[in-house]
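K.L.:
For reference, the structure I am asking about is given below.
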Amino acid sequence: IDKVNDTVGDVLLYGLPGVGKSHVASKLDGALFLERQTTPERLLDDLIETKPRRVVVDDAGARITDIDLLVRLRNAEKLDYRIIATCWPHEVAGVSDQFLGASLIEVELLTREELGSMLRELGITRPSVIVHILEQAAGRPAWALNLADLLIHKSDWKSVWTGRALRATWTGRRRCPL
């Protein structure tokens, strides 16, 4: 988060699904997430009124026209915001072409120790449960937190234990070649 906050100019956050790109973007100083399907007129009005320091385009691989619009509005209206885009690794080239000079920052997988510590802080202490979640999450904090939430708040042991919970999470989402 500090690295992105300290970066001058636009930033492209990339990483595997569930690694925490959107979470990192949500913690940035002065970040405003761009809604999907916003009209150019409404977007311009919102940008002028709110004067965000950063505008976040989440899942930017599917939102190239939104990035283009933000760049055009910033230049035409002399607005002062940075664009923070998030995408998957295989989308980096296509997204970065939309705003040349953006800094590329990879959000990396967490270690088993880091994820295990997060799970223990949430109250999951049984070693076999922690190991099972760590194996399914494969270094992705969002996946680990979703699984932990199912156990803690919904007592859904079966879908967590069988892996059905993660499969259900990705139903209907864009496919990522892993």
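K.L.:
Assign unit charges at the C-beta atoms only (+1 for Lys and Arg, -1 for Asp and Glu), then state the dipole size of the range 74-149 relative to its Cα centre in Debye, rounded to the nearest 20.
P.N.:
120 debye
K.L.:
What net charge do the residues around Glu35 carry, taking every other residue with its C-beta under 14 Å from that of Glu35, with Lys and Arg at +1 and Asp and Glu at -1?
P.N.:
-3
K.L.:
When the Karplus curve 6.51 cos²θ - 1.76 cosθ + 1.60 is applied with θ = phi - 60°, which whole-Hz ³J(HN,Hα) does each residue of the range 125-140 get, with x for Gly and Pro?
P.N.:
Each residue's phi maps through the Karplus curve to give 10, 5, x, 5, 6, 4, 4, 4, 5, 4, 5, 6, 6, 6, x, 9 Hz.
K.L.:
Another question, if that's okay. Estimate the FRET efficiency between Gln37 and Ser128 by the formula 1/(1 + (r/R0)^6), using the beta-carbon distance for r and 35 Å for R0, to the nearest 0.05.
P.N.:
0.20
K.L.:
How big is the charge dipole of the range 2-120 about its Cα centre, in debye rounded to the nearest 20, if each Lys and Arg gets +1 on its Cβ and each Asp and Glu gets -1 on its Cβ?
P.N.:
On the way: 15 positive and 21 negative charges, 28 e Å.
Rounded to the nearest 20 debye, it is 140 debye.
K.L.:
According to a simple spin-label model (label point 7 Å from Cα along Cα-to-Cβ), what is the distance in nm between Asn75 and Glu121?
P.N.:
Result for the modelled spin labels: 4.2 nm.
K.L.:
Excluding ligands, DNA and RNA, what is the solvent-accessible area per residue of the chain at a probe of 1.4 Å, expressed in Å²?
P.N.:
Working: 10060 Å² over 178 residues.
For the chain, the per-residue accessible area is 57 Å².
K.L.:
Report, in degrees rounded to the nearest 10, the 0 to 90 angle that the Cα long axis of helix 40-50 makes with the longest principal axis of the chain.
P.N.:
Computed tilt is about 80 degrees.
K.L.:
For Ile48, what is the net charge nearby, where nearby means another residue's Cβ is under 13 Å from its Cβ and Lys, Arg count +1, Asp, Glu -1?
P.N.:
So the environment of Ile48 carries a net charge of -2.
K.L.:
With a 1.4 Å probe and all protein chains kept in place, how do Ile152, Ile105 rank by accessible area, largest first?
P.N.:
Correct descending sequence by accessible area is Ile152, Ile105.
K.L.:
With each pseudo-label sitting 7 Å past Cα toward Cβ, what's the Ser26-Arg164 distance in nm, one decimal?
P.N.:
So the two model labels end up 2.7 nm from each other.
K.L.:
How much of the accessible area of the range 16-169, in percent, comes from carbon and sulfur atoms when a 1.4 Å probe is used?
P.N.:
52 percent
K.L.:
Applying the Karplus parametrisation 6.51 cos²θ - 1.76 cosθ + 1.60 with θ = phi - 60° to the phi angles of the range 3-10, what ³J(HN,Hα) value in whole Hz is obtained for each residue in order, glycine and proline being reported as x?
P.N.:
Values per residue, Gly and Pro as x: 4, 5, 4, 7, 6, 8, x, 6 Hz.
K.L.:
Using θ = phi - 60° and the Karplus curve 6.51 cos²θ - 1.76 cosθ + 1.60, what whole-Hz ³J(HN,Hα) does each residue of the range 61-71 get, with Gly and Pro shown as x?
P.N.:
These are the phi-based 3J(HN,Hα) values: x, 9, 9, 4, 5, 5, 5, 4, 5, 4, 5 Hz.
K.L.:
Given a Förster radius of 22 Å and the C-beta distance between Ser103 and Lys51 as r, what FRET efficiency does 1/(1 + (r/R0)^6) yield to the nearest 0.05?
P.N.:
FRET efficiency, Ser103 to Lys51: 0.50.
K.L.:
Roughly how much of Leu100 is accessible, in Å² to the nearest 10, using a 1.4 Å probe?
P.N.:
About 150 Å², ignoring ligands and nucleic acids.
K.L.:
Can you tally the net charge around Gly116? Count Lys and Arg as +1, Asp and Glu as -1, for every other residue whose Cβ sits under 13 Å from the Cβ of Gly116.
P.N.:
-1
The values are calculated or read from the model by the stated rules, or taken from the named source; none is laboratory data. From a predicted model like this one, the values you see are computed outputs, not experimental measurements. Backbone-built Cβ (ideal geometry, glycine too); neighbour counts: all protein chains shown. Accessible surface is based on the protein model in full, side chains and every heavy atom, while ligands, DNA and RNA are left aside. Shrake-Rupley method; radii C 1.70, N 1.55, O 1.52, S 1.80 Å.
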